[in-house]
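Encoded as structure tokens, the structure appears first; notes follow it.
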Amino acid sequence: MMPDLINCPNCGKIMVRNKFRDVCEGCYKEEERQFETIYRYMRKRENRAATIPQIIEATGVEEDLLLKFIKNGRFQQTHFPNLGYPCDKCGKIIHTGKLCESCAGELRSELAAHEKEEIRKQELRDRERQRTYLASRNRD
């Protein structure tokens with residue numbers, strides 16, 4: 001089986017698809033260099049409560065890359081309380097998962113309502129089949 005070749009999403013170079021890295025080796029090394037820049041900044045006691053805009057301004061690292069590091073768990077929430085990333089639905093800052101509690105609850109409610117509606121539809125179909133069966137038996 002041949003490995004999948006893809007283009008690096010950052011620089012466009014051809015690379016082998018890798019489940020551990022989403023960029024080519026060169027871009028990975030650059031990301032690690034930028035991670036070290038952020039980490040050195042955040043390690044200082046006075047910077048541990050820094051917000052995302054403050055970190056970007058102080059380090060020059062792009063917001064998308066910083067958010068990638070946070071989402072991947074590279075910065076522990078207990079040590080850096082102000083680091084989070086936006087909820088995929090509403091944009092509220094969260095620390096785990098893809099949705100905030102409010103959006104997750106809303107989604108659960110919508111799924112429960114959808115499930116109830118599907119059960120109701122199935123019951124109607126079953127009743128209709130039963131009625132059709134009885135009507136056809138009575139004609140015989």
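Only one of the numbered conditions (1) over 27 Å from GLY105 (Cα atoms); (2) at pLDDT below 90; (3) surrounded by 15 or more Cβ atoms within 10 Å (Cβ to Cβ); (4) not polar (S, T, N, Q) is violated by GLY84, and that is (1). Can you say whether THR78 is polar (S, T, N, Q) and surrounded by 10 or more Cβ atoms within 10 Å (Cβ to Cβ), as far as the supplied structure shows? Against the criterion (polar (S, T, N, Q) and surrounded by 10 or more Cβ atoms within 10 Å (Cβ to Cβ)), THR78 does not qualify.
Check whether at least one residue in segment 15-22 is over 22 Å from the mean Cα position of the chain (by Cα) and closer than 25 Å to ILE55 by Cβ, and report yes or no. Looking for residues that are over 22 Å from the mean Cα position of the chain (by Cα) and closer than 25 Å to ILE55 by Cβ, one finds none in segment 15-22, hence no.
Assess whether PHE75 counts as being over 21 Å from CYS103 (Cα atoms), part of a helix (DSSP H, G or I), of a type in the set (A, V, I, L, M, F, W, C) and under 20 Å from the mean Cα position of the chain (by Cα). Against the criterion (over 21 Å from CYS103 (Cα atoms), part of a helix (DSSP H, G or I), of a type in the set (A, V, I, L, M, F, W, C) and under 20 Å from the mean Cα position of the chain (by Cα)), PHE75 does not qualify. Just to be sure before I move on: is ARG45 more than 30 Å from VAL23 (Cβ to Cβ) and surrounded by fewer than 10 Cβ atoms within 10 Å (Cβ to Cβ) in the structure I sent? Criteria met by ARG45. Within segment 61-70, at least one residue is in a loop (DSSP other than H, G, I, E, B) and over 16 Å from the mean Cα position of the chain (by Cα).
The values are calculated or read from the model by the stated rules, or taken from the named source; none is laboratory data. This one's a predicted model, so the numbers in the text were calculated from it and none came from an experiment. A quick note on method: Cβ atoms are made from the backbone with ideal geometry, for glycine too, and the neighbour counts reach across all protein chains shown.
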